[in-house]
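Notes to accompany the following structure.
What follows is calculated from the coordinates using simple rules that are stated; it is not laboratory data. Bear in mind the structure is a predicted one, so any value in this text is a computation, not a measurement. Reconstructed Cβ throughout: ideal geometry from the backbone, glycine too, with neighbour counts over all protein chains shown.
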Amino acid sequence: MGGSPIFVLLMLSGALIMGASSWRRRRIRKAVRDLPTAMARQLGDDPLFEPPAVGNIPEGLRAYAGQYRRYARIEKTVWALAFVWLAYVLVLVLRGN
């Protein structure tokens, strides 16, 4: 199964999922580095650095919280594409192609 087309298609979906997750972590770390130290200390633990709850967001962290949510939406969209791709591969396998 190492060189079969089905295996390659499965690995593509895995690469999409892992790539989206690492992209989000890199972007979040970069955004945290750009924050002042006092604001960065109010965030959650590494690697996700979650902002405070929606009602308790200080003024200095509102832009970061917006970025955090936007990056999460992008990651979930890529994950959805990967799962659609997995469904397509499943259909190919079941049809015998």
Notebook entry, point to check: Just VAL78, VAL54, VAL32 to compare: in a GNM of the chain, with alpha carbon springs under 10 Å, which one fluctuates most?
Noted result: VAL54
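Below 13 angstrom from the Cβ of ARG69, what's the summed charge of the other residues (Lys, Arg +1; Asp, Glu -1)?
Charge balance in the 13 Å sphere: +4.
Quick one: Cα convex hull volume of the stretch 19-71, Å³ per residue?
Spread over its residues, the Cα hull of the stretch 19-71 gives 68 Å³ apiece.
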Item checked: Computed lengthening from SER21 to LEU94, 0.36 nm per intervening residue step minus Cα-Cα distance -> 23.4 nm
Check: When only DSSP loop residues count, what trypsin sites (Lys or Arg not before Pro) in the stretch 19-97 have their Cβ near at most 13 other Cβ atoms within 10 Å?
Finding: ARG41
Margin query: Largest first, please: the extent of the C-alpha atoms of the chain along each principal axis, to the nearest Å.
Written below: 57, 24, 16
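Would you compute, from DSSP H runs of 4+ residues alone, the mean residue ellipticity of the chain at 222 nm, taking -39500 (n - 2.57) per run and dividing by the full residue count, rounded to the nearest 500?
That comes out to -24000 deg cm²/dmol.
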Next item on the list: Give me the distance in nm between label points sitting 7 Å out from Cα along the Cα-to-Cβ direction at ALA38 and ALA63, one decimal.
Entry: 1.7
